[in-house]
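Student: Can you read through this structure? Questions will come right after.
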Amino acid sequence: MLNKFIKEISEIHSFRHLLLNLIKSDIKLRYKNSFLGFLWQLLNPLFYLGILALVFSQIIRIQMENYVLFLFAGLVSWRMIQQTSLIATHSIVNNQELIKKVHTPKLVFPLATVLSQFIDHLTLSLVLFIFLFILKGKISAVLFIAPLIIFLIFIFSLGLSLFFATVYVYIKDTPHVIGIAFQALFFLTPILYPLSVLTSSMEKFFKLNPFYYFIEYFRYPFYYAKMPSAELTIIVCAISLATFSLGMYIFLRKKESFIFHF
Amino acid sequence: MITILKQVIDMDNNFSIKTENLGIRYLLRHEYQKGKKGLKIFQSRIKKEEFWALRNVNLEAKRGEVLGIIGVNGSGKSTLLKSLAKILPLSEGKLWVNGKIAPLIELGAGFNPELTGGENIFLSGTLLGLTNEVIGKNYYKIIDFSGLNKFIDIPLKNYSSGMFVRLAFSIVANLEPDIVLIDEVFAVGDEPFQQKSFEKILRFKEKGSTLLIVSHDLNTIARLCNKVIVLDDGKIEFNGETSLGIDYYKNLLKGIKSTSLEDTEKIDSGRQASAETIIKDKDSLRWGSGEIKIRKIIFLNENLKETNTFKTGETFIARIDYTSSEEIKNPVFGVAFYTPYGLLVSGPNTKSSLSIEKIPKSGTLLYKVENLSLRRGEYFFSAAVYDFTLRKPYDHLERKFKFTVYGGDPSDFGHIDLRGQWIHKKND
């Protein structure tokens with residue numbers, strides 16, 4: 001399996017310009033013929049944030065310090081995982097015509113989708129950084145770990161994407177199930193509210209959710225402005241690595257027979 | 001380590017593609033529903049069946065060789081090309097590839113209709129594993145070849161289907177691959193572009209690229225290929241010299257596997273029983289009243305050795321053995337040479353040149369050409385014996401035999417070498 005992995009990676013290297021062109025065309029086509037173009041990628045989550053912030057701080061009245069920033073940081077990291085893996089689920093099936101007709105390393109398709117998604121998410125993270133000043137959040141040296149957590153979320157999302165994209169080739173219900181699951185998880189993960197509002201028994205249950213750790217970790221540089229504990233760091237690293245390995249393993253095992261199942 | 005070693009051995013052997021017991025297996029899903037026909041929403045039962053599209057395929061294409069792959073629809077030709085291009089995974093066996101492959105299998109596979117022609121050149125070029133720099137270097141060459149200079153900045157969705165394939169062909173054709181896999185892509189674009197693409201393929205051959213060509217156009221195969229593989233039912237039925245392979249394939253189509261007269265006679269007797277065979281075999285017929293019967297026809301070379309292949313300029317002899325049941329006066333024997341498309345090249349007979357006053361019970365007639373002027377290609381041969389008025393056929397075997405002529409300059413066209421001379425003078 002390790003051999004297969006190394007072989008796929010070296011093939012990706014020789015097809016690196018394809019990867020580049022796929023990302024470029026993906027970005028170009030997403031915003032082609034729209035007036036505001038790339039701006040939509042920012043306006044859309046910002047409006048969503050605005051609505052949620054209004055509902056939860058003014059109507060439901062969640063009482064906490066700088067709630068909008070708390071919500072914003074949670075939303076950005078959540079979208080990184082959810083949007084990316086939801087869209088990348090289609091990356092193999094949508095490219096079936098290509099896979100049937102040309103020899104390419106198949107990893108290039110999910111990888112290109114995840115990377116082009118992350119270009120959007122990085123931009124949104126930059127907006128979050130600017131909002132840190134606007135909303136008068138705490139600015140500290142901990143911001144330097146932001147690239148680390150974004151990288152870990154990338155590895156985690158890539159693992160999920162590979163897994164979902166592979167399963168989708170065989171089971172056509174996959175995107176529907178994932179869509180519903182993500183909707184439920186959005187409320188079961190402390191994005192809109194802090195974990196502290198829950199009872200301690202509920203808290204234990206909520207901590208079984210792997211998404212919680214990524215959302216929480218992402219808030220350290222952008223909201224809490226303090227260093228995360230070593231324990232949390234290890235948990236996040238372990239979940240990313242395990243998910244990535246699992247996704248990659250299943251993808252590499254099945255990639256040869258994709259062509260027989262389209 | 002072993003793979004590196006293998007690659008070194010491969011280089012020594014100087015081959016481009018080699019397979020060993022290659023096999024491709026599909027799982028076919030049969031969907032059943034008891035008693036109901038038509039379009040079904042709910043499937044009650046799905047049965048899976050193994051299907052070997054290819055099995056035990058052993059082939060080797062040396063560097064610079066042009067290998068033709070022929071066979072009926074569904075014989076596995078396209079599957080073979082796809083497995084050689086590493087699109088389909090092997091179910092069993094081994095495959096070695098030495099060099100960069102350019103598949104001209106499904107043109108425009110990597111195209112994105114929303115992107116412009118120029119952007120698609122880069123996208124589909126990198127899809128073949130090339131770098132943007134290499135494509136950039138050939139960019140204008142590709143556009144010039146396609147003749148789409150005016151439309152290169154227009155999204156592909158606005159292209160006509162002809163423009164689409166022209167662009168696709170131009171990309172692959174201008175990227176100097178080591179191995180080209182061609183699947184029926186000669187009929188691309190209009191007449192001038194077809195000519196251009198055919199010349200391009202000839203140029204690949206000159207430059208020493210290895211070509212594997214799938215085509216139903218046997219003329220193209222005969223003109224281009226050094227070697228031919230005949231596939232039937234996923235197996236290699238023939239692997240060898242082009243003209244023999246084409247013969248083999250044509251007989252396969254007719255349902256016969258050999259061309260000797262004994263076999264054709266067997267088919268003749270079977271013909272009365274089944275009307276189907278007549279239709280299948282309507283190009284080659286036998287008729288006549290039967291007082292004189294042609295028993296055997298063989299072709300001989302200068303040394304009177306039996307052969308089916310001749311070289312332009314060599315001696316060609318057709319030997320006709322006959323028997324006669326009645327004493328017939330002044331019969332006329334004749335032979336005829338046809339091209340595969342039925343053009344009569346020559347039809348000499350004995351009426352004025354050789355008189356046979358009374359026919360013996362059995363005899364042999366030779367038709368001898370000393371300096372054969374037929375050019376390379378395949379020829380069909382007829383033999384007949386008529387009465388002296390040429391009205392009554394005793395026995396007529398129409399295009400039942402064939403032979404192949406090779407040699408000569410392949411850039412000369414046509415069927416006959418007129419043995420003309422070129423004279424060039426300077427005008428002062």
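Just so you know, all these numbers are worked out from the coordinates, no wet-lab data involved. No experiment lies behind these values; they were computed from the predicted model shown. With ideal geometry, Cβ positions are generated from the backbone for all residues, glycine too; neighbour counts draw on all protein chains shown.
Student: Over all Cα pairs of the protein assembly as shown, how is the pair count split among 20 Å bins, expressed in % and running from 0 up to the last occupied bin?
Tutor: Computed distribution, short to long bins: 14, 34, 27, 15, 7, 2, 0.
Student: In whole angstrom, how long is each semi-axis of the equivalent ellipsoid of chain A, when you take the square root of 5 times every eigenvalue of its Cα gyration tensor and sort them from largest down?
Tutor: Three semi-axes, in Å: 33, 21, 18.
Student: Which pairs, out of B:Lys141/B:Lys200; B:Lys329/B:Lys402; B:Lys235/B:Lys402, put more than 19 Å between their alpha-carbon atoms?
Tutor: Cα-Cα > 19 Å for B:Lys329/B:Lys402; B:Lys235/B:Lys402; rest within.
Student: How big is chain B along each principal axis, measuring the range of its Cα positions in Å and listing the largest first?
Tutor: Dimensions of chain B along the principal axes of its Cα atoms: 89, 81, 50 Å.
Student: Note down the Stokes-Einstein diffusion coefficient of the range A:110-262 in µm²/s, whole number, using a Kirkwood radius over alpha carbon pairs, 4 °C, and 1.567 mPa s.
Tutor: It diffuses with D of about 75 µm²/s by this estimate.
Student: Using the Cα centre of the range A:2-260 as the reference point, and only Cβ charges (+1 on K/R, -1 on D/E), how large is the resulting charge dipole? Debye, rounded to the nearest 20.
Tutor: It works out to roughly 400 debye.
Student: Also, I was wondering about something else. Could you pull out the pairs from A:Lys101/B:Lys157; A:Lys106/B:Lys77; B:Lys18/B:Lys227; B:Lys305/B:Lys392; A:Lys28/A:Lys254; A:Lys106/B:Lys18 whose alpha carbons sit more than 26 Å apart here?
Tutor: Flagged as over cut-off: B:Lys305/B:Lys392; A:Lys28/A:Lys254.
Student: Evaluate the Debye formula for the range A:105-195 with equal point scatterers sitting on the alpha carbons, no solvent, and hand back log10 of I(q)/I(0) at q = 0.13, 0.19, 0.23, 0.24 Å⁻¹, in q order, two decimals.
Tutor: Calculated log10 I(q)/I(0) at the listed q: -0.63, -1.13, -1.31, -1.33.
Student: Using a 10 Å cut-off on Cβ atoms, rank the peptides A:240-247, A:46-53 from the highest mean neighbour count down.
Tutor: Per-residue Cβ counts within 10 Å, averaged per peptide and sorted highest first, yield A:240-247, A:46-53.
Student: Under unit Cβ charges (Lys, Arg +1; Asp, Glu -1), what dipole magnitude, rounded to 20 debye, does the protein assembly as shown have relative to its Cα centre?
Tutor: 1160
Student: Could I ask something else about it? Projected onto the charge dipole of the range A:2-260 (+1 at Lys/Arg Cβ, -1 at Asp/Glu Cβ, origin at the Cα centre), which of A:Ile60, A:Tyr31, A:Leu246 gives the Cα projection farthest towards the positive end?
Tutor: Positive-end residue among those listed: A:Tyr31.
Student: For B:Lys351 and B:Asn58, what is the calculated FRET efficiency with R₀ set at 56 Å and r taken between the beta-carbons, to the nearest 0.05?
Tutor: 0.60
Student: Suppose every Lys and Arg Cβ carries +1 and every Asp and Glu Cβ carries -1, with no other charges. What dipole size does chain B come out with about its Cα centre, to the nearest 20 debye?
Tutor: 880
Student: What Kirkwood Rh does the range A:1-146 have if only Cα atoms enter the pairwise 1/r average? Answer in Å.
Tutor: Across the range A:1-146, the inverse of the average 1/r is 17.8 Å.
Student: Additional query: Taking +1 at the Cβ of each Lys and Arg and -1 at the Cβ of each Asp and Glu, which of B:Leu123, A:Thr233, B:Ile292 sits farthest along the dipole of the protein assembly as shown towards its positive end, judged by Cα position relative to the Cα centre?
Tutor: A:Thr233
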